[in-house]
Every structure is written in C-alpha cells, then in structure tokens.
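Report on one structure; see the data block that follows.
The values are calculated or read from the model by the stated rules, or taken from the named source; none is laboratory data. Since the model is a prediction, treat every value here as computed from it, not as a measurement. Ideal geometry is used to build each Cβ from the backbone, glycine not excepted, and the neighbour counts take in all protein chains shown. For the accessible areas, the whole protein counts, side chains as well, though only heavy atoms, and no ligand, DNA or RNA atoms are used. Shrake-Rupley method; radii C 1.70, N 1.55, O 1.52, S 1.80 Å.
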Amino acid sequence: MALSHFDTLYRQQYSDLWPAIRIALLSKQKYGALINNFCQNEDFLNFLTEQDATDFVHDGAIRLRQACQHIDESKDDSTVVIDMNTDVKHNKQDEEFYISPNTEYIGRDAARISSHLSHKTEFETYHIPNKINTIKYDFNVSPHLKCFIHGNEQRFTNPYYDAAIGTMAYYIMDASSILPVIALDIQPDDVILDMCAAPGGKALAMLQTMYVGGLVVNDPAYSRRLSLKSVISSYMPKSMITGDMLRITKYDGTKWSQLESNVYDKVLVDVPCTTDRHVLHNNDNNIFSRSRNKERQSLPSLQSELLRSVS
C-alpha cells in the first residue's frame, strides 16, 4: 500500500538514490541502547564492549572529524569542502565546481550554499560566491551521550532496573533517533523545548548530554503524554522530575507563539509524519489506508504550522 506511494513520489525526489533508500526502509529496524547516565552502568558498558557493540555516536563523530581533517589538509585556499561523499571536480582558475545533483551540504553555511545551487538531472557547472568558501563539521557531541549498536542483527536484552538509584540502566530506541539530538548541537545550560516529545526517547537523549539547563517536553495527546511520563519517571532521578529543570506540558504546538516567544536556546520539533518505515511493516491503522486519506493529506499543513509557531 504505502510502498506504491513511495515508489511514485520518492523515485522522482531521490532519483538514483531511491533504490538504496528503499532497501533501507524495507530492512529490519536498527536498535540502539541509549546509556542512562543517571544509573551505575559500568558493568553493562563492559558487557557491551565484550559483545563487540560500539558507541556509534562517538565512533561516527571521530570518523567525520578525521575525514574533514584529511580534506582540509589536502586542499588549497580556493577549494570548497562540501561533503565527504560528494563527487566534486574543482577548477581553481575560475572557481567553478562540478557537483553531483544529489549533493547534501553540511555545516552552518549549508542553507546558504543550497540556496545558490539547484539540483539538476546531470552534472552542471555552478559558480560559488567567493565569500562562501568552506563548509566544515562545526559542532561537538557531548562526551556523555552514548548509544551502542551491534554490528549485526543482534538485539539488546530488556533494560534492567537499578533499585539503588531507582532508574532503568539503558533505553532501547531506534538508533537513528539520536541524530536530531546531535544536530541540535546542545551547549551547556541550553534551555530547550521538545514540542512533539512523546514517546520521549529524544528528550531522554538530550538529558543524557548532561548539558541541558532546562527542558520542556510537550505533547497535546493524553495517551502519548502518559508514555512520555512513563519514560521520564523510569529513567530520571526524582529530584530532576520534581524540580524546575524539567516540565511536561500539553499545549497545542500550532499555537505556541501565543504562549511564549524567545524563551528557548534550542527547539526540537519532531513533526507528525507518515512514519515511512512503520507503515511498510505494519498495516494496522495504516495512514495510507483510504479511511485516513484526509489525515495524511493534512500533514504538510500541520507540519508547517508547528514549524512556523516557533520560528
């Protein structure tokens, strides 16, 4: 059902990349074990190491820094660094760059670069403004954020409860859910809003950075808020739950600008979506069913309203 929609839409959007993305969507979900820093985890960390599980957050960050360093060391002053996987041919005489149509741009200048370039069906020549000459990996991942994955399809056992502290030792989540938290580039004492927070994995990951100065986790749906409260209470010390640092709210995110503005250093808006992987593996109450057509078609409007309310 959903796959036919994706084959029509995403083949046009992603072109040659779509077959690989399609395989990834149809493959088994990759779970990670998010380490709870509010629990004594030394024995579990040693166990993970013995099982050849790796902390993909920091292993990935190290590889990315090394790749960027290698590029920086090999370039001259006129080279533009774009993306480690990009096919770039550089003509330094006239500052022209031949860039693959599927290039993705990283770093704080990514939006500005993307606005100067338009994707084509074939290799094209692009003129890059001289003032935009470098895109670098320019954020640091908290050393406290740890999420382990297995190199195979092995699953993690259910997390154990640390009775001495009163929290669970680790949280099982889709490993890719860590990426928005990394991209948020949380800095010490940041005050953060997680607007669509349930079930709570990303909020928990943000707290694991040990940088958060204040966190508001919001979800208007009662059932989803129950799940959110369950995760928070199972993994966070009671002192943090009852203090001022953490608040759980139930507001309509589309009207957030009417409640407050310019309060937060960072805002995470994980907007309601078609949950592409989920709908490919579960037909129950599938959003691509005819009975939910109107709901699915209204999602882009809802997503825009949520983003505008905090922009």
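Hey, can you tell me all the residues within region 251-267 that are free of Cβ contacts under 8 Å to residues at least 40 places away in the same chain and in a strand (DSSP E or B)?
Matches in region 251-267: none.
Looking only at residues in region 16-29 that are in a helix (DSSP H, G or I) and open to solvent by less than 60 Å² (accessible area, probe 1.4 Å), which one is farthest from A175 (Cα to Cα)?
At the first step, the residues of region 16-29 found to be in a helix (DSSP H, G or I) are 16-26.
Of the ones still in play, those that are also open to solvent by less than 60 Å² (accessible area, probe 1.4 Å) are 18, 21, 24-25.
Numbers: W18: 21, I21: 16, A24: 14, L25: 14 Å.
Among those residues, the one meeting the criterion is W18.
Yes/no per residue for (1) hydroxyl-bearing (S, T, Y); (2) touching a Ser or Thr at 6+ places or on another chain (Cβ under 9 Å); (3) at pLDDT 90 or above:
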{"residue": "F139", "(1), (2), (3)": "no, no, no"}
{"residue": "S142", "(1), (2), (3)": "yes, yes, yes"}
{"residue": "K146", "(1), (2), (3)": "no, no, yes"}
{"residue": "G151", "(1), (2), (3)": "no, yes, no"}
{"residue": "Q154", "(1), (2), (3)": "no, no, no"}
{"residue": "Y170", "(1), (2), (3)": "yes, no, yes"}
{"residue": "I186", "(1), (2), (3)": "no, yes, yes"}
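Looking at region 199-250, which of its residues are in contact with a helix residue (DSSP H, G or I) (Cβ under 6 Å, 6 or more places away or on another chain), in a loop (DSSP other than H, G, I, E, B) and surrounded by 20 or more Cβ atoms within 10 Å (Cβ to Cβ)?
Within region 199-250, G200, D219 meet the criteria.
Could you grab me the full set of residues in region 289-311 that are of a type outside the set (S, T, N, Q), surrounded by 11 or more Cβ atoms within 10 Å (Cβ to Cβ) and more than 24 Å from the chain's Cα centre (by Cα)?
Passing the criteria: R292, E295.
Checking the condition over 30 Å from I165 (Cα atoms) and among the basic types (K, R), which residue from R277, R247, R225 passes?
Criteria check complete, one pass: R277.
Kindly evaluate D270 against the criterion of being among the acidic types (D, E), more than 24 Å from E260 (Cα to Cα), open to solvent by 40 Å² or more (accessible area, probe 1.4 Å) and assigned to a loop (DSSP other than H, G, I, E, B).
Taking the combined requirement at face value, the residue does not satisfy it.
Test of understanding: among A175, A163, which residue is closer than 26 Å to N41 by Cα and touching a Gly at 6+ places or on another chain (Cβ under 6 Å)?
Selected residue: A175, the only one of A175, A163 that is closer than 26 Å to N41 by Cα and touching a Gly at 6+ places or on another chain (Cβ under 6 Å).
Sort out which residues of region 34-44 are among the hydrophobic types (A, V, I, L, M, F, W, C) and either within 17 Å of I178 (Cβ to Cβ) or touching a Phe, Trp or Tyr at 6+ places or on another chain (Cβ under 6 Å) (or both), and write them in order of number.
Result: L34, I35.
Is there a residue in region 189-196 that is among the charged types (D, E, K, R) and in a strand (DSSP E or B)?
Scanning region 189-196, I find at least one residue that is among the charged types (D, E, K, R) and in a strand (DSSP E or B), so the answer is yes.
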